[in-house]
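Accompanying notes for the structure given below.
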Amino acid sequence: MKRIAILGSTGSVGTQTLDVIAHDRERYSVEALTAGHNIELLLKQIEQFQPKLVSVHTKEHAEEIKLRTNNNIQVFWGAQGLLAAATDTDADLVVTAVMGSVGLDSTLAAIEAGKHIGLANKETLVSGGHLVTDAAAKYGVRLLPIDSEHSAVFQCLNGEEAKAVKTIILTASGGSFRDKTRDQLKGVTVEQALQHPNWSMGAKITVDSATMANKGLEVIEARWLFGADYDHIRVLLHPESVIHSMVEFIDNSVIAQLGNPDMRIPIQYALTFPGRHITPTAPLDLAKIGNLSFREMDLTRYPCLAMAYESGRLGGTAPTVFNAANETAVSRFLRGEISFLGIEEVIAETLEQQVVVPVRALPDIREADRWARLVASSVQPLSS
């Protein structure tokens, strides 16, 4: 039986991970769950999966959980609770599905505790790529990607030599506004941005898909997961989201991984690796789909992707600043403070003001993150 801890159990990836587990209860046990403010959903998950440890965002929520559950469950809160869930159980695999840069500390702690990582938190590798990969190598821990694109690349590379890889090709749906020109993006609403044509995801990542910042984060993540340089990581627009990514080899062969746009497939692969098992998902029917289409990625149309490439190449604290500025800008857009096009303006202005320094340890990342959020909160974009 594989023992699982889920950091971020009430979010999109967390709930789908529990759905995979629910369909094969004899194969898994749930050791720990963490959540933010969705206490009612967490209570239902506790009742169904009976974890040994849970953690929530605030002390008040922790007290409520204690009152409404049995005494056998350890209840924590805050940053220390997240660390406890990552390290203080018998979990074999920690699924890091929390949103944002808060996932970095808990992921590193889990690695140091010898836990394998099901990685669904892009910001962990974007901000702390070399720290995380160095720690994983030191402690003999697997980094198993849960993002559909990185899972696809991971599967395409199985059994292949690294020196035979020519190009990693990440596919992108184009998000909610893929068929709109930049002029047509003026005045689009939050509600429109959240209507993703293919995937069911949380608000932040759905907006990131529309700006293509999400794909930029994935490019930086791929650099650390697969040891590729940025000149050999390509993004290709693929509206159907059936080919999740591809790898081109030096003999010009291309291996692709296909599947329906259902996150439970890559989630389960991370849980069962190196084996495969029956999933609760629908089979892929290529005849019904009929056609698969592709377009070159336009970095002028999607400047957030261009800024991500630039930040990755700069290295040091630049990816942290890009990520923190993006998180802040998206939050401001979702609150109605800035326009959709204002997101990229906030990121660009924050990057313009930065001084890039090397990342030697976590405090360097924390300071860059703090600075970027402060600046990004104060930028007033012209388009807004």
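The values are calculated or read from the model by the stated rules, or taken from the named source; none is laboratory data. This structure is a prediction, so every number in the text was calculated from the model and none was measured. Counting neighbours? That spans all protein chains shown, and the Cβs are built from the backbone with ideal geometry, glycine included. These accessible areas exclude ligands, DNA and RNA; they are computed on the full protein's heavy atoms, side chains included. Shrake-Rupley method; radii C 1.70, N 1.55, O 1.52, S 1.80 Å.
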> If you take the C-alpha gyration tensor of region 314-384, multiply each eigenvalue by 5 and take the square root, what semi-axes do you get, largest first, in whole Å?
Replying inline: 23, 11, 8
>> Between region 69-95 and region 194-272, how far is it from one alpha carbon centroid to the other, in angstrom?
In response: 30
>> Given all pairs of different Cα atoms, what value in angstroms does the Kirkwood hydrodynamic radius of region 249-384 take?
In response: 18.3
>> I'd like to check one number: the per residue accessible area of region 1-153, probe 1.4 Å, reported in Å² as a whole number.
In response: 40
>> Taking 25 Å as R0, compute the FRET efficiency from the Cβ-Cβ separation of M1 and Y139 and round it to 0.05.
In response: 0.65
> For the chain, what relative contact order do you get, as a whole percent, if you take Cα pairs closer than 8 Å and at least 6 residues apart?
Replying inline: 14
> What ³J(HN,Hα) values, in whole Hz, does the Karplus curve 6.51 cos²θ - 1.76 cosθ + 1.60 give for region 239-245 when θ = phi - 60°, with x put for Gly and Pro?
Replying inline: x, 7, 6, 9, 7, 8, 4
> Hey, what D do you get for region 170-231 in µm²/s if you plug the Kirkwood alpha-carbon radius into Stokes-Einstein at 37 °C and 0.692 mPa s?
Replying inline: 261
> Which of rounded, prolate, oblate describes region 1-56, given a ≥ b ≥ c as roots of the alpha-carbon gyration tensor eigenvalues and a/c under 1.5 marking rounded, otherwise prolate only if a/b is larger than b/c?
Replying inline: prolate
> Which helices pass in the chain if a helix is a full DSSP H run, must span at least 18 angstrom along its long axis by Cα, and must have mean Kyte-Doolittle hydropathy not below 0.0?
Replying inline: 213-226, 318-334, 340-353
>> Quick check: from the Cα gyration tensor, does the chain come out rounded (a/c under 1.5), prolate or oblate?
In response: rounded
>> For a quick check of your reading of the filter: which trypsin sites (Lys or Arg not before Pro) in region 326-384 sit in a DSSP loop and have no more than 16 other Cβ atoms within 10 Å?
In response: R335, R360
>> Before I look further, what does region 233-298 give for accessible area per residue, probe 1.4 Å, in whole square angstrom?
In response: 51
> At what distance in angstrom do the alpha carbon centres of region 281-295 and region 333-376 lie from each other?
Replying inline: 38
> For region 159-245, what's the relative contact order in percent, using C-alpha pairs closer than 8 Å and at least 6 residues apart?
Replying inline: 49
> Carbon and sulfur atoms: what percent of the 1.4 Å accessible area of the chain do they account for?
Replying inline: 50
>> What lysines does K2 reach when the alpha-carbon gap must be under 21 Å and sequence neighbours fewer than 8 apart in one chain are set aside?
In response: K52, K115
